[in-house]
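Trainee: Before I ask anything, let me first share the structure, which is written out below as structure tokens.
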Amino acid sequence: MGVNVYLTDDEKRMLQGEEGFVPQICMQYLVEVCEVSGAERLIDLDGTGDFHTPTTSMSPFYEFSIDELRKLAEAGGHFKIPTFANKSPFYAVPPIHGWEGCNLCSYGDPKNRHDDPAFHEQALRDEWFELYRKMGMMTSHSCANYMTMSFLPTIGMHCSWNESSAVPYCNANLGARTNTDGSFATCFLGKAAYYDMHITENRYATVQIQSERLIQTDIEWDVFGFAVGEAAGVHVPVLLGTGKPNNTQIMKFNSAANTGGAVRMYHIPGSTPEAPTLEAALGGKQPKETITISEADLRAAYEVLNYRNHDSDEVDMVYLGCPHLSIVELMILARKLEGKKCRVPLWIMSSPWLYNVALNLGYVKVFQDAGAVLMTGTCLACMGAVPEGVRTLAVDSAKQSYYITGCYPDEDNRLDVRYGTQDDCIEAALTGRWNGEWR
Ligand code: F3S
């Protein structure tokens, strides 16, 4: 591709196979990433990493076989940086908790029947998972690892992460540095291609986005995120006209902005760590473009996320937990559901590591008593389906709405999605009716 990739002597030795087969393949892969991305060298990672398992996230370049991985793990091979698993490392992404009675087959394939105990037992015993653990991976199985990992990179650290809400969390909210490139190779070697978000110059905002409405509530952050993503595309925006987001709102904004577009970094002057001022966010330059997100833009985004194929206000199921809910969000939800009874299934999704915490704190019981179920480690969009018989789903997440709708492209088999606030969704779960609207 015409890029001259500079390698240290150690890196050259790995590339030539002097450190063994696995480091050689990983180094070949990283050199290829450099060539594709235009990176002229590698950077040593001093932060954390994660990748989508059970694959190595190096496709189509190379996928290690189970035999190769077994050999490596038995020889004491270890990930070089603290490494986490993004979502479930099992075939067809089954839920880790709460799968009993879920009535769902991933992608409608009866081979992936998640409420079949035999299928579940087999999936949980996946050998990839055991080998990765042996190599030091912390199998957190969550798209919101950062809510449970209890070891976060600090400002300026170089990482190798994945996932729509996580990558901006690393860049914009922690001030650490990552591209969307978490893989076996980056985590095993502790190195990544040095381009884009690793480089200070690329982290400054080039687009200034002003909201007409003061963005404050959870749904405003979610809808605004989607609209910002559509407007900013791959550019780094600086956001004006917002309050200071809390953690829930950051997760919502990040996942939505990285769904509507590819926002892996942004600034909010006075709020995000690399933007004490607007000037600092822009690196002392003028923005290349100034965009206003109007009331009409927000409403249009809200409408896109409400996919209506049928006119009925009936709701068959409610899904909360995209991205996976934090412990504080579970606490708030438990408070809202205490003493209530759901008329339609309500799934609440979180990280597996939080399940026992929620159990000890009594939230699981509150959910069960309300007829809801706490599940972990996956999501409807990842499973590519809703339970059999569900025609209308209610969600409070722009990302979930967008992706689950895309799982039903067939005209004759469309899924209706009602999108609104968490309270709209809870009301739908309790009544079986949708009453939400953009306010
Ligand atoms: Fe996570 Fe699934 Fe949403 S992976 S961010 S819950 S679409």
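The values are calculated or read from the model by the stated rules, or taken from the named source; none is laboratory data. None of these values were measured; they are calculated from a predicted model. When we count neighbours, we look across all protein chains shown, and the Cβ atoms used for this are built from the backbone with ideal geometry, even at glycine. What goes into the accessible areas is simple: the full protein's heavy atoms, side chains included, and nothing from ligands, DNA or RNA. Shrake-Rupley method; radii C 1.70, N 1.55, O 1.52, S 1.80 Å.
Trainee: So is Thr48 within 23 Å of the chain's Cα centre (by Cα) and modelled with pLDDT of 90 or more or not?
Mentor: Values: within 23 Å of the chain's Cα centre (by Cα): yes; modelled with pLDDT of 90 or more: yes.
Spelling it out, Thr48 is indeed within 23 Å of the chain's Cα centre (by Cα) and modelled with pLDDT of 90 or more.
Trainee: Which numbered condition in (1) modelled with pLDDT under 95; (2) open to solvent by 20 Å² or more (accessible area, probe 1.4 Å); (3) closer than 30 Å to Ile155 by Cβ is the only one that His78 fails?
Mentor: Condition (1) is where His78 drops out.
Trainee: Can you go through Pro276, Pro269, Pro287 and tell me which one is in a loop (DSSP other than H, G, I, E, B) and in contact with a Leu (Cβ under 7 Å, 6 or more places away or on another chain)? Walk me through it before giving the result.
Mentor: Values: Pro276 fails: in contact with a Leu (Cβ under 7 Å, 6 or more places away or on another chain); Pro287 fails: in contact with a Leu (Cβ under 7 Å, 6 or more places away or on another chain).
Selected residue: Pro269, the only one of Pro276, Pro269, Pro287 that is in a loop (DSSP other than H, G, I, E, B) and in contact with a Leu (Cβ under 7 Å, 6 or more places away or on another chain).
Trainee: Is it the case, given these coordinates, that Ile155 is closer than 26 Å to Trp347 by Cβ and open to solvent by 20 Å² or more (accessible area, probe 1.4 Å)?
Mentor: Working: closer than 26 Å to Trp347 by Cβ: no; open to solvent by 20 Å² or more (accessible area, probe 1.4 Å): yes.
No: the conditions fail for Ile155.
Trainee: Restricting the first residue to the range 337-362 and requiring it to be touching a residue at least 24 places away in the same chain (Cβ under 8 Å) and under 21 Å from Trp434 (Cα atoms), which pairs with a second residue that is acidic (Asp, Glu) and surrounded by 16 or more Cβ atoms within 10 Å (Cβ to Cβ) meet a Cβ separation below 7 Å and a spacing of at least six or different chains?
Mentor: Filtered contacts from the range 337-362: Val344/Asp316.
Trainee: Any idea which of (1) within 17 Å of the chain's Cα centre (by Cα); (2) over 21 Å from Cys407 (Cβ atoms) is the one Lys87 doesn't satisfy?
Mentor: Of everything listed in (1) within 17 Å of the chain's Cα centre (by Cα); (2) over 21 Å from Cys407 (Cβ atoms), Lys87 misses just condition (2).
Trainee: If you don't mind, another one. Run Val357 past the list (1) out of contact with any strand residue (DSSP E or B) (no Cβ under 9 Å at 6 or more places or on another chain); (2) within 13 Å of the ligand (Cβ to nearest atom) and report the number of the one that doesn't hold.
Mentor: So the condition that Val357 fails would be (2).
Trainee: Might you let me know whether the range 330-342 holds any residue that is within 16 Å of the ligand (Cβ to nearest atom), among the β-branched types (Val, Ile, Thr) and at pLDDT 95 or above?
Mentor: Residues of the range 330-342 that are within 16 Å of the ligand (Cβ to nearest atom), as a first pass: 330, 333.
Restricting the remaining residues to those that are among the β-branched types (Val, Ile, Thr) gives none.
No, there is no match, as no residue in the range 330-342 is within 16 Å of the ligand (Cβ to nearest atom), among the β-branched types (Val, Ile, Thr) and at pLDDT 95 or above.
Trainee: Here's another thing I want to ask about it. Does the range 25-43 include one or more residues that are within 21 Å of Met157 (Cβ to Cβ), aliphatic (A, V, I, L, M), open to solvent by less than 20 Å² (accessible area, probe 1.4 Å) and assigned to a helix (DSSP H, G or I)?
Mentor: Looking through the range 25-43, at least one residue is within 21 Å of Met157 (Cβ to Cβ), aliphatic (A, V, I, L, M), open to solvent by less than 20 Å² (accessible area, probe 1.4 Å) and assigned to a helix (DSSP H, G or I).
Trainee: Output the residue which, of all residues in the range 365-416 that are among the β-branched types (Val, Ile, Thr) and farther than 27 Å from Met147 by Cα, is farthest from the ligand (Cβ to nearest atom). Full working, then the answer.
Mentor: Here is the first cut: in the range 365-416, the ones among the β-branched types (Val, Ile, Thr) are 366, 373, 376, 378, 386, 390, 392, 395, 404-405.
After this cut, where a residue has to be farther than 27 Å from Met147 by Cα as well, the list is 390, 392.
Details: Val390: 17, Thr392: 19 Å.
Looking at residues that are among the β-branched types (Val, Ile, Thr) and farther than 27 Å from Met147 by Cα, I get Thr392.
Trainee: Quick one: what pairs do we get from the range 136-158, first residue of a type in the set (Phe, Trp, Tyr), second within 16 Å of the ligand (Cβ to nearest atom), C-beta under 8 Å, 6+ apart or different chains?
Mentor: Listed pairs, sorted by first residue: Tyr146/Ala166; Tyr146/Tyr169; Tyr146/Cys170.
Trainee: I'm checking my understanding of the structure. Among residues of the range 381-403 that are among the aliphatic types (A, V, I, L, M) and at pLDDT 95 or above, which one is most open to solvent (accessible area, probe 1.4 Å)?
Mentor: Quick first cut of the range 381-403, residues among the aliphatic types (A, V, I, L, M) only: 381, 383, 385-386, 390, 393-395, 398.
Remaining after also requiring at pLDDT 95 or above: 386, 390, 393-395, 398.
Values: Val386: 11, Val390: 28, Leu393: 0, Ala394: 0, Val395: 0, Ala398: 0 Å².
This residue is Val390.
Trainee: Return only the number of the condition from (1) surrounded by 18 or more Cβ atoms within 10 Å (Cβ to Cβ); (2) over 16 Å from the mean Cα position of the chain (by Cα); (3) closer than 30 Å to Leu42 by Cα that His97 does not satisfy.
Mentor: (3)
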